[in-house]
Amino acid sequence: MNEIIRKRKSIRKYNLTPLDTATLDAVRAEIAEIKPLHPDIKYSIEITSKTKGILGVKAPHYLVFGSEEKEGSYENIGFIGQQLDLYFSANGFGACWLGASKPEEAMESDLPYVIALAFGKPEETLHREPSEFRRKPLSAISEGDDARIEAARLAPSGVNMQNWYFIAENGKIHCYLKKANPIMGLMIGNMGLIDLGIAINHIAAESDNFSFAKETNPPKRKGCIYKGTVG
C-alpha cells in the first residue's frame, strides 16, 4: 500500500509561521497537476490565511475549494483535495479537512464555496502507526475481495463516520454512499459525498489503471446509494 496512506493523520496543531514563497509556489504547482474524478466539472482551489467556523483549526494557510453544482461535484472535490492532503503528508506538512469552516474573505472564483483544507508545519507528530487508526472493519464497509479497499478504509471522513460502502466484483469496485438518517443528514449535508471522493482517491492511488464511471446495472445494496464504479 502507498506508504503515506498507511501513516497519514489529520493534523490540528500547527506552527503559525507562514510557509516561505518557494514552498507555496510548489503547492501551486502541485495544484496545477491535479487529476479530477470528473474532468467536466468546473472547480477552483485558492490559498488563504484565514477561515472562520465553529470547529475551526488555526493554521498558517488554508486551501479553499469551490465548484459548480452538478451531479458528482462533491465527490470530485473530495477526490481532488485528498491528492493534496497526501502531497502535504509526503512532504513534511500537516493537513486537515475543515467541513464546518468558511473563508473570511471573498474568494476570487465565482464558483460556490464547498470546503477548506488547513495546512502548514505541524506542531504535533505528523504521522501515526497503522495500529493507531480507528476505523470500521472491512466487513462493515465492503463485500468481495480487492486489496485496494483497505486503502479506502483508512481514508479520513467527517466525524469519522466512514459512511461509504464498496462491492468488489470481477476486478471492479462499485462505490456507494450509505444513507444517513434524517437528523444526521441535516447535520453533515454533502460531507458524506466529499468523504466518498476522498476514499475513492485512496483507491486510485492503489490502482495501476484507474477509471471511474457509472454503470447501467450495478449491484444493489440496501440502504446505500450507488455513485459509480472504479474500473
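The values are calculated or read from the model by the stated rules, or taken from the named source; none is laboratory data. Remember, it's a predicted structure, so these values are computed and weren't measured experimentally. So basically every Cβ, Gly included, is an ideal-geometry build from the backbone, and we count neighbours across all protein chains shown. In case anyone asks, the SASA skips ligands and DNA or RNA and just uses the protein heavy atoms, side chains included. Shrake-Rupley method; radii C 1.70, N 1.55, O 1.52, S 1.80 Å.
Would you point out which residue out of Gly192, Gly158 is in contact (Cβ under 8 Å) with a residue 60 or more places away in the chain and within 15 Å of the chain's Cα centre (by Cα)? Please lay out each step first, then the result.
On the way: Gly192 fails: in contact (Cβ under 8 Å) with a residue 60 or more places away in the chain.
Only one candidate qualifies: Gly158.
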> Can you find a residue in region 167-184 that is of a type in the set (Gly, Ala, Ser), part of a strand (DSSP E or B) and surrounded by fewer than 17 Cβ atoms within 10 Å (Cβ to Cβ)?
Replying inline: no
> Among the residues of region 67-118, which ones are hydroxyl-bearing (Ser, Thr, Tyr), assigned to a strand (DSSP E or B) and open to solvent by 20 Å² or more (accessible area, probe 1.4 Å)?
Replying inline: Tyr113
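Per-residue answers, yes or no, for (1) in contact with a Lys or Arg (Cβ under 9 Å, 6 or more places away or on another chain); (2) hydroxyl-bearing (Ser, Thr, Tyr); (3) surrounded by 20 or more Cβ atoms within 10 Å (Cβ to Cβ):
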site	(1), (2), (3)
Ser10	no, yes, no
Thr17	yes, yes, no
Arg28	no, no, no
Tyr43	no, yes, no
Thr48	no, yes, no
Phe65	no, no, yes
> Is there any pair with a first residue in region 24-38 that is over 22 Å from Ile203 (Cβ atoms) and a second that is assigned to a loop (DSSP other than H, G, I, E, B) and of a type in the set (D, E, K, R) whose Cβ atoms are under 6 Å apart and which are 6 or more apart or on different chains, and what are they?
Replying inline: none
> What pairs come up if the first residue lies in region 111-140 and is acidic (Asp, Glu), the second is open to solvent by less than 30 Å² (accessible area, probe 1.4 Å), and their beta carbons are under 7 Å apart, counting only those six or more places apart or on different chains?
Replying inline: Glu123/Tyr14; Glu124/Ile11
